[in-house]
Amino acid sequence: MTGGTALTGRVRVTGAKNSSLKLMAAALLATGRTVVDEVPDILDVSIMSEVLRRLGCGVEYERTPASGGGGRVTIDVPEDPSTETDYDLVRKMRASISVLGPLVARCGSARVALPGGDAIGSRGLDMHISGLERLGATIVSEHGYLVATAPRLSGTSIWLDFPSVGATENLVMAAVLADGTTVIDNAAREPEIVDICSMLIAMGARIDGAGTSTITVEGVESLSPVTYTAVPDRIVAGTWAIGAVMTRGDVVVERAVAEHLSVALDKLTDAGATVEVLPGGLRVAMSERPRGVDVVTLPFPGFPTDLQPMAVALAAVSTGTALITENVFEGRFMFANELVRLGADVRIDGHHAVVRGRERLSSAPVVATDIRAGAGLVLAGLVSDGITEVQEVHHVDRGYPDFVEQLRGLGADVKRTSRPG
């Protein structure tokens, strides 16, 4: 890509990656055909589709024209699905662990390979396991697999040591078919949690408290398939918003939900941007060099850890000095060395990054280490002198549909190339 062009125009956000994958897993809870709309056309969706196929489901993805990279996924779930996921798929994507709760709840057993995913720090499965054990499951680890058995789950009280999104989702999906009432305290509050609970309620589940720190689930005998639309992707929307500020552009982000990005948008306003909430989206515009703002990542409703690389990139071209504090994933700053290669002044001290802004960055070849780091490096390349090459962009493909095409639609001088070998 060649830096120096402001992002201007309109861009459309599809359904959230972090929600769509879990909605697809939730389909396992009901025999029959479940349809999920606005699912992003990304690599992780392809992987989850194959995970479900190997469990015996029929899965079809149909791209929707003019959707901004989204489409409809149709999942036909058999009466007796398989209960084992293969390592060759699960190792590629951490979200595949989300089939554990539905399989145990509906089938009484599951054998799920331990997952892989982004290298952004420790994300243990202890809360998934201990919560399912509280519900009555017996879980052992053997040969790289989690093996869970439970003739019938029973409602209970569960306290999460940390408001983990993945653990909350898995436990809610397990609890909807358990006997009695389950109360999950210190539950995650993210919009993606509200989304999966809304879909489960549409399927016939009885859930109260989604979006709060206490979720109550009253188990039911069975659920029914539904047609459901995934919540818009707040991280992709936030990426476009920060990109508009970094490049001093003017971007309308269609389908963005401002309430899901309140802290991030407040930070952009503090940086000097104009943020306007529109019917069905929002507009972010910037005419001058942004001011440096401090950022602290926290679980929702705090500043999202998934937008932290973009926040560091923004600080790198802002006036003054900004302190970025990472409280969720200790490995998030791994990409900082790549940003330094572009001329950024970033100093890491534990879970803090001190960033001294510069007028512009300088082009260099850099390597994406995970989804969000890759997107952050691309934004940094847009404000660098010369031509910047971001390698290992397959990471970005896992979270951003049609990323290059959408950038070009906003005026960026960017293209995708392949390297020999």
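Give just the number: which of (1) without any contact (Cβ under 8 Å) to a residue 60 or more places away in the chain; (2) within 12 Å of residue 310 (Cβ to Cβ); (3) of a type in the set (A, V, I, L, M) does residue 235 not satisfy?
The one condition residue 235 does not meet is (1).
Just a yes or no: is a residue in segment 318-340 at positive phi, surrounded by fewer than 19 Cβ atoms within 10 Å (Cβ to Cβ), in contact with a helix residue (DSSP H, G or I) (Cβ under 9 Å, 6 or more places away or on another chain) and not acidic (Asp, Glu)?
Of segment 318-340, the ones at positive phi are 320.
Subset that is surrounded by fewer than 19 Cβ atoms within 10 Å (Cβ to Cβ): 320.
Then drop every residue that is not in contact with a helix residue (DSSP H, G or I) (Cβ under 9 Å, 6 or more places away or on another chain), which leaves none.
Within segment 318-340, not a single residue is at positive phi, surrounded by fewer than 19 Cβ atoms within 10 Å (Cβ to Cβ), in contact with a helix residue (DSSP H, G or I) (Cβ under 9 Å, 6 or more places away or on another chain) and not acidic (Asp, Glu).
I'd like the residue in segment 112-129 that is modelled with pLDDT of 90 or more and in contact with a helix residue (DSSP H, G or I) (Cβ under 8 Å, 6 or more places away or on another chain) and, out of all such residues, is surrounded by the most Cβ atoms within 10 Å (Cβ to Cβ).
Once the filter is applied, the top-ranked residue is 128.
Here is a list of conditions, (1) within 21 Å of the chain's Cα centre (by Cα); (2) surrounded by fewer than 24 Cβ atoms within 10 Å (Cβ to Cβ); (3) modelled with pLDDT under 95, and residue 70 meets all of them except one; can you say which number that is?
(2)
Can you tell me which residue in segment 181-204 is farthest from residue 135 (Cα to Cα), limited to those that are of a type in the set (Gly, Ala, Ser) and in contact with a strand residue (DSSP E or B) (Cβ under 7 Å, 6 or more places away or on another chain)? Quick ask: steps written out before the conclusion?
The first filter runs over segment 181-204 and keeps only residues of a type in the set (Gly, Ala, Ser), leaving 187-188, 198, 202, 204.
Now drop any that are not in contact with a strand residue (DSSP E or B) (Cβ under 7 Å, 6 or more places away or on another chain), which leaves 187, 202.
Numbers: 187: 16, 202: 23 Å.
The qualifying residue farthest from residue 135 (Cα to Cα) is 202.
Can residue 88 be described as within 20 Å of residue 114 (Cβ to Cβ) and surrounded by fewer than 16 Cβ atoms within 10 Å (Cβ to Cβ)?
In short, yes.
Limited to segment 347-356, what total is found for residues that are of a type outside the set (A, V, I, L, M, F, W, C) and either touching a helix residue (DSSP H, G or I) at 6+ places or on another chain (Cβ under 6 Å) or in a strand (DSSP E or B) (or both)? Steps first, please.
The initial filter retains those residues of segment 347-356 that are of a type outside the set (A, V, I, L, M, F, W, C), namely 347, 349-352, 356.
With either touching a helix residue (DSSP H, G or I) at 6+ places or on another chain (Cβ under 6 Å) or in a strand (DSSP E or B) (or both) added as a condition, the list becomes 347, 349, 352, 356.
The qualifying residues number 4.
How many residues, within segment 383-400, are within 23 Å of the chain's Cα centre (by Cα) and surrounded by 21 or more Cβ atoms within 10 Å (Cβ to Cβ)? Before you say what the answer is, go through the steps one by one.
Narrowing segment 383-400 to residues within 23 Å of the chain's Cα centre (by Cα): 390-400.
Narrowing the set further to residues that are surrounded by 21 or more Cβ atoms within 10 Å (Cβ to Cβ) leaves 390, 395-396, 398-400.
Final tally of qualifying residues: 6.
Would you check if there is a residue in segment 197-208 being in contact with a Lys or Arg (Cβ under 8 Å, 6 or more places away or on another chain) and at positive phi?
The first filter runs over segment 197-208 and keeps only residues in contact with a Lys or Arg (Cβ under 8 Å, 6 or more places away or on another chain), leaving none.
No, because not a single residue in segment 197-208 is in contact with a Lys or Arg (Cβ under 8 Å, 6 or more places away or on another chain) and at positive phi.
Look through segment 401-419, keep the residues that are under 14 Å from residue 10 (Cα atoms) and not acidic (Asp, Glu), and return whichever of them is surrounded by the most Cβ atoms within 10 Å (Cβ to Cβ).
412
Inspect segment 319-330 for any residue being among the aromatic types (Phe, Trp, Tyr) and touching an Asp or Glu at 6+ places or on another chain (Cβ under 8 Å) and give the result as yes or no. Spell out how you get there, then give the answer.
Step one: list which residues in segment 319-330 are among the aromatic types (Phe, Trp, Tyr), which gives 329.
Still in the running and touching an Asp or Glu at 6+ places or on another chain (Cβ under 8 Å): none.
Scanning segment 319-330, I find no residue that is among the aromatic types (Phe, Trp, Tyr) and touching an Asp or Glu at 6+ places or on another chain (Cβ under 8 Å), so the answer is no.
Looking only at segment 357-391, how many residues end up being within 27 Å of residue 237 (Cβ to Cβ), polar (S, T, N, Q) and outside any loop (DSSP other than H, G, I, E, B)?
Counting residues in segment 357-391 that are within 27 Å of residue 237 (Cβ to Cβ), polar (S, T, N, Q) and outside any loop (DSSP other than H, G, I, E, B) gives 2.
Results for (1) of a type in the set (Ser, Thr, Tyr); (2) surrounded by fewer than 24 Cβ atoms within 10 Å (Cβ to Cβ); (3) out of contact with any Phe, Trp or Tyr (no Cβ under 9 Å at 6 or more places or on another chain), shown as yes or no for each residue.
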site: 8; (1), (2), (3): yes, yes, yes
site: 11; (1), (2), (3): no, no, no
site: 16; (1), (2), (3): no, no, yes
site: 20; (1), (2), (3): yes, no, yes
site: 24; (1), (2), (3): no, no, yes
site: 33; (1), (2), (3): no, yes, yes
site: 36; (1), (2), (3): no, no, no
site: 45; (1), (2), (3): no, no, no
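Tally up the residues in segment 236-262 that are over 15 Å from residue 314 (Cα atoms) and not in a loop (DSSP other than H, G, I, E, B), please.
Of the residues in segment 236-262, the ones over 15 Å from residue 314 (Cα atoms) are 236-237, 250-262.
Cutting the leftovers down to not in a loop (DSSP other than H, G, I, E, B) gives us 236-237, 250-254, 258-262.
Count: 12.
Being acidic (Asp, Glu) and at pLDDT below 95 is the requirement here; does residue 385 meet it? Even if it seems obvious, please write down each step before you answer.
Details: acidic (Asp, Glu): yes; at pLDDT below 95: yes.
Against the criterion (acidic (Asp, Glu) and at pLDDT below 95), residue 385 qualifies.
The values are calculated or read from the model by the stated rules, or taken from the named source; none is laboratory data. On a predicted model such as this, the values are computed, not experimentally measured, just so you know. Backbone-built Cβ (ideal geometry, glycine too); neighbour counts: all protein chains shown.
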